[in-house]
Structure formats: C-alpha cells, structure tokens
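Trainee: Quick one: this structure, given as structure tokens, is what I'll be asking you about.
The values are calculated or read from the model by the stated rules, or taken from the named source; none is laboratory data. Computed from a predicted model, the values in this text were never measured in an experiment. A quick note on method: Cβ atoms are made from the backbone with ideal geometry, for glycine too, and the neighbour counts reach across all protein chains shown. Heavy atoms of the whole protein, side chains included, go into the accessibility calculation; ligands, DNA and RNA do not. Shrake-Rupley method; radii C 1.70, N 1.55, O 1.52, S 1.80 Å.
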Amino acid sequence: MEADLPSARLDAAVLPRHVAIIMDGNGRWARQRGQPRVFGHRRGAEAVRRAVTAAAEIGIGYLTLFAFSSENWRRPAEEVGELMGLLRVYLRKEIAELHRNDVRLRVIGNRQKLPADVVSLIDGAEAQTKDNTGLTFTIALSYGAHEEITEAARALALEVAAGRLSADAITPEMLAGKLFTAYMPDPDLIIRTSGEQRLSNFMLWQAAYAEFLFLDIHWPDFDRSHLEHAVGEFQRRDRRYGAVAG
Ligand code: IPE
Ligand code: IPE
Ligand code: MG
C-alpha cells in the first residue's frame with residue numbers, strides 16, 4: 001500500500017459499526033531499523049493512540065485492537081514483560097484522555113494469566129469509563145478465540161447440568177451471549193497489518209461475516225489515512241450474507 005493515500009471519501013451512512021484490528025509487524029518494523037523488538041512495540045503504542053483518535057473522529061462505534069494473544073505467552077519472558085510494561089504505561093497515561101473524549105474502555109481475554117497490578121489498572125479504567133457513550137474501545141489481551149468459545153460452551157454445559165437449561169434449547173444467540181464480546185456487535189471489518197493473511201485465533205465466531213482487509217504495512221506505521229482507506233474499501237464491498245445480490 002502507498003504511504004500517500006488520497007484522503008478517502010467516506011459515506012457516513014454506511015460506516016462499519018465495529019472495526020477490529022490485528023496489530024501485527026512491530027518486531028519486523030524494528031528489525032528493519034536495526035532495533036530490538038521492544039522498540040517496535042513502543043512505536044506500536046503510538047499507533048494505538050492514532051487509531052483510537054481516528055476511529056472516534058470518523059464516527060466508528062466500536063474499535064477492537066488485538067494486543068496480545070493467548071499464544072503470545074509463548075514468547076520470551078523478557079518480551080512478555082516489556083509488553084506488560086507498555087500496557088501499564090498506556091493505562092496509566094491514557095485513561096484520563098480517553099475519559100475526556102467520552103471513550104468507554106473494555107478489555108477482553110483471560111485475566112487469570114495477567115499480573116495482578118495490570119488487572120487492577122484494567123478494572124479501574126473500565127470502571128472510570130463505563131458510562132461513556134462515545135467510542136467503545138476494546139483491547140483484546142491474553143485473548144484467544146478457542147479459549148473463549150470453550151468457556152462459553154462450558155458455561156452453557158453448567159446450566160444444563162444444573163437443570164436450568166435444556167440442551168435442545170441451545171441457540172447460536174445463547175452461545176454468543178456467553179462470549180467476551182456479548183456487549184458489542186460482531187466486527188464488520190477486520191484489518192490486519194504486516195502482510196500476514198490469517199486470524200491467529202482472533203474472533204473466530206464473531207468473524208463469520210466480517211470483511212477482511214490485509215495491509216502491507218507494519219503496525220507502527222499505521223495512521224488515520226490507513227483507517228480511512230480501510231473504511232473506504234469496506235464501503236465498496238457488497239455484503240450478501242448468503243443471499244442473492246440486491
Ligand atoms: C504485533 O507485532 C504485536 C504483538 C503480537 C504483541 P509482533 O510482535 O507480532 O511483530 P512481528 O509480527 O514479529 O513482526
Ligand atoms: C497476532 O499476531 C496476535 C496479535 C496481533 C496480538 P502474532 O504475531 O502473534 O501472530 P502469528 O504468530 O504471526 O500468527
Ligand atoms: Mg506478529
């Protein structure tokens with residue numbers, strides 16, 4: 001993708017309600033500059049700020065950023081520690097600004113694996129911003145769709161075992177209602193940077209009818225022009241949901 005994209009003409013009537021981004025390529029971005037991976041993660045945090053501001057200004061209702069997967073725990077302890085450190089800094093520094101901008105912050109994923117102080121920062125940030133009515137900004141952290149769907153199935157199984165629910169009565173909506181994402185619509189548009197074209201265990205259930213856009217830039221270079229380009233591309237797609245084109 002070219003860096004100097006023409007500013008996209010966006011149709012406010014057909015904005016995606018929910019845009020999700022798989023933020024990938026921090027390590028390669030740093031390596032191309034002869035720097036350690038953490039340098040890419042630091043610059044990636046600045047791209048997060050740009051993405052949140054741009055999403056709010058464009059008028060997107062829900063922005064979800066995939067920050068750390070359940071599989072990313074396999075990375076060297078040093079890198080995991082640096083990512084948690086950046087997250088602490090982000091939560092401490094950005095919450096006041098997010099709150100001022102009427103952003104509601106949510107974090108989805110397996111909290112049991114997160115350091116206790118990070119969990120308290122998340123709890124505090126969610127509590128502080130819970131009544132905000134602007135952009136809902138979700139960070140997927142220690143998140144994996146297989147774990148999420150398994151937990152949802154387990155929750156329904158427990159209700160069946162307790163005699164509160166009949167197995168025959170289980171519907172897709174009930175399962176969706178047990179997912180971390182129950183409070184928001186499914187993503188309309190999923191963007192992945194870095195050139196990789198895979199989901200890496202992200203929102204497997206919720207992505208059923210998402211439009212996909214794979215960008216050949218690394219995450220630290222992401223800015224408003226890329227989001228506008230992506231939304232413009234989304235607006236040119238014909239979503240049929242299995243039916244015949246209208
Ligand atoms: C994305 O960049 C950030 C995380 C997954 C935490 P990467 O760290 O995956 O960077 P690459 O893909 O190795 O370049
Ligand atoms: C996906 O990126 C996870 C996040 C962006 C948080 P990875 O870099 O972990 O994915 P793979 O390993 O290339 O599939
Ligand atoms: Mg990667």
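Trainee: Condition check: more than 30 Å from GLY81 (Cα to Cα), charged (D, E, K, R) and either touching a Ser or Thr at 6+ places or on another chain (Cβ under 7 Å) or open to solvent by less than 60 Å² (accessible area, probe 1.4 Å) (or both). Does GLU159 satisfy that?
Mentor: So GLU159 fits the description; yes.
Trainee: Of the residues in the stretch 21-43, how many are within 13 Å of ligand 3 (Cβ to nearest atom), assigned to a helix (DSSP H, G or I) and either at pLDDT below 95 or open to solvent by less than 30 Å² (accessible area, probe 1.4 Å) (or both)?
Mentor: The total comes to 6.
Trainee: Filter the stretch 167-196 down to the residues that are open to solvent by 60 Å² or more (accessible area, probe 1.4 Å) and over 16 Å from the mean Cα position of the chain (by Cα), then identify the one that is nearest to ligand 1 (Cβ to nearest atom).
Mentor: Within the stretch 167-196, the match that is nearest to ligand 1 (Cβ to nearest atom) is LYS178.
Trainee: Sticking with this structure for a sec: In this structure, is THR64 open to solvent by 30 Å² or more (accessible area, probe 1.4 Å), polar (S, T, N, Q) and more than 13 Å from ligand 1 (Cβ to nearest atom)?
Mentor: When the stated conditions are applied, THR64 does not pass them.
Trainee: Another question, if that's okay. So which pairs qualify, if the first residue must be in the stretch 177-199 and part of a loop (DSSP other than H, G, I, E, B), the second must be open to solvent by 10 Å² or more (accessible area, probe 1.4 Å) and more than 12 Å from ligand 3 (Cβ to nearest atom), the Cβ gap must be under 6 Å, and the two must be at least 6 apart or on different chains?
Mentor: Note: pairs meeting the criteria are LYS178/ALA155; MET184/TYR62; PRO185/ARG17; PRO187/ALA210; ASP188/ARG17; THR193/ILE217; GLY195/ASP216; GLN197/PHE214.
Trainee: Give the residue, chosen from PHE222, PHE214, PHE234, that is among the aromatic types (Phe, Trp, Tyr), farther than 15 Å from LEU65 by Cβ and within 16 Å of ligand 3 (Cβ to nearest atom).
Mentor: Just a single option satisfies the conditions, and that option is PHE214.
Trainee: Do we have any residue at all in the stretch 8-20 that's open to solvent by 80 Å² or more (accessible area, probe 1.4 Å), modelled with pLDDT of 95 or more and either under 19 Å from GLU82 (Cα atoms) or acidic (Asp, Glu) (or both)?
Mentor: no
Trainee: Report every pair of residues separated by at least 6 positions or lying on different chains whose Cβ atoms are under 7 Å apart, first residue within the stretch 55-74 and over 19 Å from THR193 (Cβ atoms), second within 9 Å of ligand 2 (Cβ to nearest atom) and open to solvent by less than 30 Å² (accessible area, probe 1.4 Å).
Mentor: Partner pairs satisfying both residue conditions: SER70/TYR143; SER70/ASN201.
Trainee: Now for a separate question. Can you name every residue in the stretch 109-125 that is touching a strand residue (DSSP E or B) at 6+ places or on another chain (Cβ under 6 Å) and under 23 Å from GLY177 (Cβ atoms)?
Mentor: If the condition is that a residue be touching a strand residue (DSSP E or B) at 6+ places or on another chain (Cβ under 6 Å) and under 23 Å from GLY177 (Cβ atoms), then GLY109, ASN110, ILE122 are the ones that fit.
Trainee: Moving on to the next point. Between a first residue in the stretch 18-43 that is farther than 12 Å from HIS218 by Cα and among the basic types (Lys, Arg) and a second residue that is near ligand 1 (Cβ under 8 Å from one of its atoms) and open to solvent by 50 Å² or more (accessible area, probe 1.4 Å), which pairs have beta carbons less than 8 Å apart while being 6 or more apart in sequence or on different chains?
Mentor: Within 8 Å, the pairs are ARG37/ARG31.
Trainee: Can you tell me which condition MET174 does not meet? The list is (1) touching a residue at least 24 places away in the same chain (Cβ under 8 Å); (2) farther than 20 Å from LEU63 by Cα; (3) part of a helix (DSSP H, G or I), and all the others hold.
Mentor: Only one criterion is unmet by MET174, namely (1).
Trainee: Suppose we filter GLU57, GLU94, GLU46, GLU82 for residues that are more than 15 Å from ligand 1 (Cβ to nearest atom) and either open to solvent by 30 Å² or more (accessible area, probe 1.4 Å) or not in a helix (DSSP H, G or I) (or both); which single one remains?
Mentor: Answer to the selection: GLU57.
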